[in-house]
Protein chains: 2
Amino acid sequence: MELAETRRRRADRARQVADLLRREIVHGSFGDGHLPLEAALAREFGTSRNTIRDALDLLRDEGLIERCPGVGTTVAAEKFPHGLHRLLGLAETLSEHGEVVNEVRTMGFIEPPAAVRARLALPAGEPVVYVERLRRLNGLPLSLDLTYLVRDVGEPLFDADLVHNDVFVLLEGIAGQPLGRAELTIEAVNADAHTAAVLDAPRGAALLMVERLAHLSDGRPVDLEFIRFRGDRLTMRGHLSRTTERE
Amino acid sequence: MELAETRRRRADRARQVADLLRREIVHGSFGDGHLPLEAALAREFGTSRNTIRDALDLLRDEGLIERCPGVGTTVAAEKFPHGLHRLLGLAETLSEHGEVVNEVRTMGFIEPPAAVRARLALPAGEPVVYVERLRRLNGLPLSLDLTYLVRDVGEPLFDADLVHNDVFVLLEGIAGQPLGRAELTIEAVNADAHTAAVLDAPRGAALLMVERLAHLSDGRPVDLEFIRFRGDRLTMRGHLSRTTERE
């Protein structure tokens, strides 16, 4: 009974320490990629070395750090920040972090299911352009994007360079006006076996899933997307106001 | 070779169908909780019944639907929407969906680690109030929140009703001013064994993880939180503008 309670407390403390270290890692606070020694962390967090080891185990299981005898604890993976302050394409938001290259897995006209037609406010019988892309940053798979585009702005994309450009930027050139507003829903889901294989992630890996409907600045919905980001490689960052609604 | 290609295409199609059905389920489009029959779905999506079955399997594995012989396919779980358009506490944002009740697992003064002190802009030696809460909606575990509060607004919380109130609302009463702006980072992580047990979720379940630093309207940071939402029970919803930065 007492042992169970001690274990529970230690696990709670380890999570608490892990969260603070995760924040430091994700925001690049360990400049040279080395975490302090266990003894130093134990002092810093006012906890036992066993608790520190448990916290580091949690972060290792998330793929954030590696622990090597003699070498110590090092940051294993970078998590890239996707801006949540305004509507941005992936290459735009990650421009400081490297090159985004897109592999077009599928592209063609389809008869849209009713759910797509309703979201894009299209009459029955109007085809849409469907594009499926695997997106890599500096060669590493980052996201799998399923995109439905209304015909007039989607059709010219067959002649565009989708490998090196965000769809957003191409759409704005085709439409002759900027995009306006987008609605988005953010979820966390486990990767199914097939998606995991495509993203080169473990089966069951946590994915950040975004559904996003983008409108042109004249208010017409043109671009419906279902995006799966690898949770171990991407975070979304923004800010909220208590008193001012976002417009 | 050809069989592998056929399998790959079918898995891609199943994911495409699943994403559209997920959107319908999450937004409550199946009013009575029953999905259409497989044959109707196959017509709707212009695909084989095998692909529909694969798509439904994906959603069942996510815990969103149940499939019973004779009964058909029914929605198994509600995903609740957390507003992302302004800074809101959990009970505030889910007020239309039921009652939030908080279990305070831990509460006390702690000597903050450097990472907390820096975020809350505190001098060395200044204690903070640490609160850990398991939050339930209509009796179901929804999130585990780790919260660090500056002393002057945190200390009066020892006498407040934390079980039935959001910290945000209590803080505003104590500080005599509204909250202002908050910075947030959103991630998807897999639940470790201990966290999974606390949230009554399967080990490895995808969690939506939010780190949030809230300031009073005078700009002082007062509330640093690390929140783990069950990915199968919560989505975040908002909108973005292409041309206007959020303030």
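Please verify whether B:THR147 is over 30 Å from B:ASP61 (Cβ atoms), part of a strand (DSSP E or B), among the β-branched types (Val, Ile, Thr) and touching a residue at least 40 places away in the same chain (Cβ under 8 Å), treating the condition exactly as stated. Working first, answer last.
On the way: over 30 Å from B:ASP61 (Cβ atoms): yes; part of a strand (DSSP E or B): yes; among the β-branched types (Val, Ile, Thr): yes; touching a residue at least 40 places away in the same chain (Cβ under 8 Å): yes.
Answer is yes for this residue.
Please find, within region A:157-182, the residue that is farthest from A:ASN102 (Cα to Cα) out of those that are part of a helix (DSSP H, G or I) and in contact with a Leu (Cβ under 8 Å, 6 or more places away or on another chain).
Taking region A:157-182 and keeping what is part of a helix (DSSP H, G or I), we get A:157-159, A:167-175.
Now narrow it down to the ones that are in contact with a Leu (Cβ under 8 Å, 6 or more places away or on another chain): A:157, A:167-168, A:170-172, A:174-175.
Numbers: A:LEU157: 14, A:VAL167: 10, A:PHE168: 14, A:LEU170: 14, A:LEU171: 16, A:GLU172: 19, A:ILE174: 19, A:ALA175: 22 Å.
By that ranking, first place goes to A:ALA175.
Answer yes if at least one residue in region B:70-79 is within 14 Å of chain A (Cβ to nearest Cβ) and at pLDDT 95 or above, and no otherwise.
In the first step, residues of region B:70-79 are kept if they are within 14 Å of chain A (Cβ to nearest Cβ); the result is B:77-79.
Still in the running and at pLDDT 95 or above: none.
No, the conditions are met nowhere in region B:70-79.
Filter region A:1-24 down to residues that are of a type in the set (A, V, I, L, M) and within 11 Å of chain B (Cβ to nearest Cβ) and give me whichever is farthest from the chain's Cα centre (by Cα). Reasoning before the result, please.
Going through region A:1-24, the residues of a type in the set (A, V, I, L, M) turn out to be A:1, A:3-4, A:11, A:14, A:17-18, A:20-21.
Keeping just the survivors that are within 11 Å of chain B (Cβ to nearest Cβ) gives A:11, A:14, A:17-18, A:20-21.
Numbers: A:ALA11: 28, A:ALA14: 26, A:VAL17: 24, A:ALA18: 21, A:LEU20: 20, A:LEU21: 20 Å.
If we take residues in region A:1-24 being of a type in the set (A, V, I, L, M) and within 11 Å of chain B (Cβ to nearest Cβ), then A:ALA11 is farthest from the chain's Cα centre (by Cα).
One line per residue, one yes/no per condition, for (1) closer than 21 Å to A:GLU155 by Cβ; (2) charged (D, E, K, R):
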| position | (1), (2) |
| --- | --- |
| A:GLU187 | no, yes |
| A:ALA196 | no, no |
| A:ARG203 | no, yes |
| A:MET209 | no, no |
| A:LEU224 | yes, no |
| A:GLY231 | no, no |
| A:GLY238 | no, no |
| A:THR243 | no, no |
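Can you say whether A:GLU172 is farther than 27 Å from A:ARG60 by Cβ and either of a type in the set (D, E, K, R) or touching a Lys or Arg at 6+ places or on another chain (Cβ under 9 Å) (or both), as far as the supplied structure shows? Show your work before the answer.
On the way: farther than 27 Å from A:ARG60 by Cβ: yes; either of a type in the set (D, E, K, R) or touching a Lys or Arg at 6+ places or on another chain (Cβ under 9 Å) (or both): yes.
The answer is yes for A:GLU172.
Testing A:PRO123 on (1) within 13 Å of chain B (Cβ to nearest Cβ); (2) out of contact with any strand residue (DSSP E or B) (no Cβ under 9 Å at 6 or more places or on another chain), one condition comes back false. Which one is that?
It is condition (1) that A:PRO123 fails.
Applying the selection to region B:7-48, what residues are surrounded by 15 or more Cβ atoms within 10 Å (Cβ to Cβ) and charged (D, E, K, R)? Lay out the reasoning, then the answer.
Filtering region B:7-48 for residues surrounded by 15 or more Cβ atoms within 10 Å (Cβ to Cβ) gives B:10-27, B:30, B:35-36, B:38, B:41-42, B:44-45, B:47.
Hits for region B:7-48 are B:ARG10, B:ASP12, B:ARG13, B:ARG15, B:ASP19, B:ARG22, B:ARG23, B:GLU24, B:GLU38, B:GLU44.
Contact list please: Cβ distance under 8 Å, first residue in region A:178-191 and more than 7 Å from chain B (Cβ to nearest Cβ), second residue among the small types (Gly, Ala, Ser), pairs at least six apart or on different chains.
So the pair list comes out as A:ALA191/A:ALA201; A:ALA191/A:GLY204; A:ALA191/A:ALA205; A:ALA191/A:ALA206.
Could you list, in sequence order, the residues of region B:138-179 that are surrounded by 15 or more Cβ atoms within 10 Å (Cβ to Cβ) and of a type in the set (S, T, N, Q)?
Answer for region B:138-179, where residues must be surrounded by 15 or more Cβ atoms within 10 Å (Cβ to Cβ) and of a type in the set (S, T, N, Q): B:SER143, B:THR147, B:ASN165.
If the requirement is being away from chain B (no Cβ under 13 Å), more than 19 Å from B:PHE226 (Cβ to Cβ) and assigned to a helix (DSSP H, G or I), which of these qualifies: A:ALA91, A:ALA115, A:ALA40? Can you show your working first?
On the way: A:ALA115 fails: away from chain B (no Cβ under 13 Å); A:ALA40 fails: away from chain B (no Cβ under 13 Å).
Unique residue meeting the criteria: A:ALA91.
Could you list all residues from region B:43-59 that are assigned to a helix (DSSP H, G or I) and at the interface with chain A (Cβ under 8 Å from one of its Cβ atoms)? If you could, list the steps in order and put the result at the bottom.
Here is the first cut: in region B:43-59, the residues assigned to a helix (DSSP H, G or I) are B:43-45, B:49-59.
Answer for region B:43-59, where residues must be assigned to a helix (DSSP H, G or I) and at the interface with chain A (Cβ under 8 Å from one of its Cβ atoms): B:GLU44, B:PHE45, B:LEU58.
In region A:62-71, which residues are loosely packed, with under 14 Cβ neighbours inside 10 Å and on the phi > 0 side of the Ramachandran plot? Quick ask: steps written out before the conclusion?
To start, the set of residues in region A:62-71 that are loosely packed, with under 14 Cβ neighbours inside 10 Å comprises A:68-71.
Answer for region A:62-71, where residues must be loosely packed, with under 14 Cβ neighbours inside 10 Å and on the phi > 0 side of the Ramachandran plot: just A:GLY70.
Does at least one position in region B:205-228 carry a residue that is without any contact (Cβ under 8 Å) to a residue 60 or more places away in the chain, surrounded by 23 or more Cβ atoms within 10 Å (Cβ to Cβ), facing chain A (nearest Cβ under 10 Å) and not hydrophobic (A, V, I, L, M, F, W, C)?
Yes, some residue in region B:205-228 is without any contact (Cβ under 8 Å) to a residue 60 or more places away in the chain, surrounded by 23 or more Cβ atoms within 10 Å (Cβ to Cβ), facing chain A (nearest Cβ under 10 Å) and not hydrophobic (A, V, I, L, M, F, W, C).
The values are calculated or read from the model by the stated rules, or taken from the named source; none is laboratory data. The shown structure was predicted, so the numbers you read here are calculated from the model rather than taken from an experiment. Don't worry about glycine lacking a Cβ; one is built from the backbone with ideal geometry, like all the others, and counts go over all protein chains shown.
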